[in-house]
Amino acid sequence: MRARTVHVVCVPDGCADEPLAELAGRTPLEVAFTPTLDRLAATGIVGRAAVIPEGLPAGSDVGNMAILGYDPRVHHTGRAPIEAAAMGIELGPDDIAFRCNLVTVDDDGTLIDFAGGHPPSGLAAQAVAALQAELGSVEVSFHAGVQYRHCMVAPAAWGGVRSVPPHDLIGRPLPPPSGPGAAEVAALVAASRPVLARFDAMEANQIWLWGQGRSPELPSLASRHGLSAGLVTAVDLVRGLGVLAGIEVHEVEGATGLVDTNWEGKRDIALQSLADGADLFVIHVEATDESGHAGDVAGKIEGLERWDRRILGPLVEGLDDLGRWRLLVVPDHATPCALRTHTPDPVPFLMARSRGDGPGGCFTEAAVGSCPPVAGHHLLPRLLHR
Ligand SMILES: [Zn+2]
């Protein structure tokens, strides 16, 4: 019998960056002390991956969908239905899901906070229950999520509505939705105000509906590649992709989405799951993306060093004990610290295997800058079959 090969995909969210003056023209990936990454790159394959196809938003939903091997141009229907899957909401064929933010606006409709002052989830759930009681119908239902992030299920006929993501509009008036379904969506947004006004303890005073779409059809990794797979993440979007792709989503205590996350816990659950028979495990860590959004260069470097010291080093030792392995490291997009937002540019990737017989290189933006980008969704098949 041929020995089993196990596979690990590591996603340091948003870790790719651009040269920074404060790092003397280098990037966090170049500056961070990452002996294990360096060693894997020296005996593996490095290159550049177009994880965000042209014309699609540079979001974690798109990038991670590509990393899981699905062409976002074919499969991406919106971010809200992925989050709905993470919340355990099943959409019917005539349903779409909207992201329903609890937001704070002033009297003339200027957006003050897209996160509605980060209400505690318990209080927010009461508010969402009130929205459901008063605005819910046969066609429309509200579902409580976490803090300001909730879901509304609506008829597919409203799918063409154009409604902007509120985090792009802080300090500006929220433009009314347009297109098919706009009147219905605007009416619900207006009707949410008197309902939320009763929740004195909450800063949020209105909903905002956006990011809608039908449930994407993602043929499972089992059906596509004959694989059983596991995943760990602190992020709803990535969890939702896992649910939709038939990947077992593991929960780790202390997975925060920040640099204080439970790095060892994520590593150990990956190794345990592979030892228990999984063929593939995806480790997603949000921390480097958060540092990018905060413009926190030192934090991003620290995140990369923790990846190396607390996940990759011991992970590779554990994989060696399991037998033959293959590893892919790739961010789902870049989040340059100077820009504090995502960019759609191709990102560096690294593939390594237990035999360590690749041509070698460096896992940095500059080192792969002249490589022709490969489509992001081709990486996983290449990892599995090369
Ligand atoms: Zn991301």
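Rule-based calculations on the coordinates, nothing more; no lab input. Quick caveat, the model's predicted, so the values are computed rather than measured. Cβ sites come from the backbone with ideal geometry, for glycine too, and all protein chains shown count toward neighbours.
Shape class of segment 177-238 from the Cα gyration tensor (axes a ≥ b ≥ c, square roots of the eigenvalues): oblate, since a/c reaches 1.5 or more and a/b does not exceed b/c. Dipole magnitude for the chain: about 1180 debye, using +1 per Lys or Arg Cβ and -1 per Asp or Glu Cβ, origin at the Cα centre. Amide H to amide H distances under 5 Å link N205 with V103, T104, V105, where only residues 5 or more positions off or on other chains count and H is placed in the peptide plane. For segment 1-123, the square roots of the Cα gyration tensor eigenvalues, ordered a ≥ b ≥ c, give a/c of at least 1.5 with a/b no greater than b/c, which places it in the oblate category.
With the biggest extent put first, the Cα atoms of segment 226-359 measure 41, 36, 26 Å across the principal axes. Taking the charge dipole of the chain about its Cα centre, with +1 at Lys and Arg Cβ atoms and -1 at Asp and Glu Cβ atoms, the residue from G313, L23, G360 reaching farthest to the positive side is G360.
Angle of helix 313-322 to the longest C-alpha principal axis of the chain, folded into 0 to 90 degrees and rounded to 10: 70°.
In segment 122-186, Cα pairs under 8 Å separated by at least six residues give a relative contact order of 22 percent. Pair-distance distribution P(r) for segment 83-213, from all Cα-Cα distances in 5 Å bins starting at 0: 2, 11, 24, 26, 22, 12, 3, 0 percent. Ellipsoid fit via the Cα gyration tensor, the chain: semi-axes of 38, 23, 19 Å, each the root of five times an eigenvalue, largest first. Among H76, H143, H167, the largest mean-square fluctuation in a Gaussian network model of the chain (Cα springs under 10 Å) belongs to H167. Angle of helix 263-275 to the longest C-alpha principal axis of the chain, folded into 0 to 90 degrees and rounded to 10: 70°.
Largest GNM mean-square fluctuation among A338, A21, A352, using the chain with Cα springs under 10 Å: A21. Nearest 10 degrees is fine. How inclined is helix 121-135 to the longest principal axis of the chain, computing both from alpha carbons? Helix 121-135 and the main axis of the chain meet at about 50 degrees. Taking Cα centre as origin and charging only the Cβ of basic (Lys, Arg, +1) and acidic (Asp, Glu, -1) residues, the dipole magnitude of segment 97-169 rounds to 340 debye. Where only DSSP H runs of four or more residues are counted, the chain gives -9000 deg cm²/dmol as its mean residue ellipticity at 222 nm, each run worth -39500 (n - 2.57).
Sorted on the mean count of surrounding Cβ atoms within 10 Å across their residues, most packed first, peptides 183-193, 79-89 read 79-89, 183-193.
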